[in-house]
Amino acid sequence: MCHAKNILIVFLFLFFYNNCIGQIKFDLPLHGVQGKDYFVDYYVDHDSTTDIRDPFCGTKTYNGHTGTDFLIRGFKAMDSGVYVYAIADGVVFETKDSMYDRSKHWIGGSGGNHIGIIHGDTFAVYYCHLKKGSLLVTSGDTVKAGQPIAQVGSSGYSALPHLHLEIRNQKGDLIDPFSGPCQGPTHGLWRMQPAYDTALYIIDKGFVPYAPNPDTLEERYLVKDTFSVQTDSLICFWAQVHGLQSGDRIQVKWYSPLGKLWYKYKETWKSNWWNSYFWTNILMPHIRNSPIVGKWTASYYVNKKLIISQPFYITK
């Protein structure tokens, strides 16, 4: 959640300041290719109970979520600088730029570093979890649609680098910009509405020479594809996966350089998080105290369907 308490006063001021008529349409706050550069993975929750329902009658949300989350590929992408753009013309009424921006756990801090902009005398839009020191506007500034205003971060109540976009009307009521069959009153505020993506695919993958955790994988620490087993005997295959659902059956088959199935790992997935990390590992075998050198392969299956076969190399 990322919204202010006094937006009515701001609206009253801007009613006289602006002259905006007609139905406003929003541009996207991130540029690039959906499903590659960014992912729209958590929508407004339209269920008032402890159950969840996104605007498309699906589960791409979580209980009580009050905005739309635009995720990027990870902290490496965040460090490269992913800009956030104003979704329409407007006036900045609130900014915060003082919070740590590499949060990896939901431990509080609400929307973290953020910008509040009044768009079209109608909507207060909050751009949240921004990178510290990246804000390009301040209160009172006017902005144009498509103008860069900050960069994506992971400040506040955040576990991955993403932009939480939250929209309120003059009364402070939550507005969902998407048009969908389970939204209730349809708003359809996007100029070009992003696709509703429920596909299963790999966002990123690789190997590391240690038993990882989400923090080390998010940093891509020591990711490589060639290993010397004299010093590194444990090899871990990891994947950042879009679309894993509770009950999905996962298998990873490890093949030796001669194509022999060396080890098979099985797991039943237990969550519905749409952007998830998976990993499993083996201890690299030796024959007569010598490593089995050459090209190895880890093949990743979901519900018996091969998703990807990824090679790695063992040297002496």
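The values are calculated or read from the model by the stated rules, or taken from the named source; none is laboratory data. Fair warning: this is a prediction, and the values are worked out from it, not measured in the lab. A quick note on method: Cβ atoms are made from the backbone with ideal geometry, for glycine too, and the neighbour counts reach across all protein chains shown.
Scanning the stretch 266-293 for residues that are surrounded by 16 or more Cβ atoms within 10 Å (Cβ to Cβ), of a type outside the set (Gly, Ala, Ser) and assigned to a strand (DSSP E or B) yields a total of 8. Test Asp47 against the criterion of being touching a Leu at 6+ places or on another chain (Cβ under 6 Å), modelled with pLDDT under 95 and assigned by TED's automatic domain parsing to the domain that holds Leu165, and give yes or no. Answer is no for this residue. Of the listed requirements (1) within 19 Å of Asp204 (Cβ to Cβ); (2) in contact (Cβ under 8 Å) with a residue 60 or more places away in the chain; (3) over 23 Å from the mean Cα position of the chain (by Cα), Ser309 misses just one: (2).
Of Gly156, Gly184, Gly172, all but one fail to be touching a Gly at 6+ places or on another chain (Cβ under 9 Å), touching a residue at least 60 places away in the same chain (Cβ under 8 Å) and either aliphatic (A, V, I, L, M) or under 19 Å from Gly64 (Cα atoms) (or both); the exception is Gly156.
Here Thr122 fulfils each of the conditions (1) under 17 Å from Arg191 (Cβ atoms); (2) polar (S, T, N, Q); (3) buried (at least 24 other Cβ atoms within 10 Å of the Cβ) apart from (3). Looking only at the stretch 61-77, filter to residues that are of a type in the set (D, E, K, R) and modelled with pLDDT under 95; which one of those is surrounded by the fewest Cβ atoms within 10 Å (Cβ to Cβ)? Applying the filter and picking the extreme gives Lys76.
The set of residues in the stretch 191-209 that are closer than 26 Å to Glu219 by Cβ and of a type in the set (Val, Ile, Thr) comprises Ile202, Ile203, Val208. Name the residue that is nearest to Ile117 (Cα to Cα), counting only residues in the stretch 78-102 that are aliphatic (A, V, I, L, M) and touching a Phe, Trp or Tyr at 6+ places or on another chain (Cβ under 9 Å). By that ranking, first place goes to Val91.
Among the residues making up the stretch 53-81, a single one is free of Cβ contacts under 8 Å to residues at least 12 places away in the same chain and of a type in the set (Asp, Glu): Asp79. When restricted to residues that are out of contact with any Lys or Arg (no Cβ under 7 Å at 6 or more places or on another chain), more than 13 Å from Tyr43 (Cβ to Cβ) and crowded, with 18+ Cβ neighbours inside 10 Å, the stretch 163-193 contains 2.
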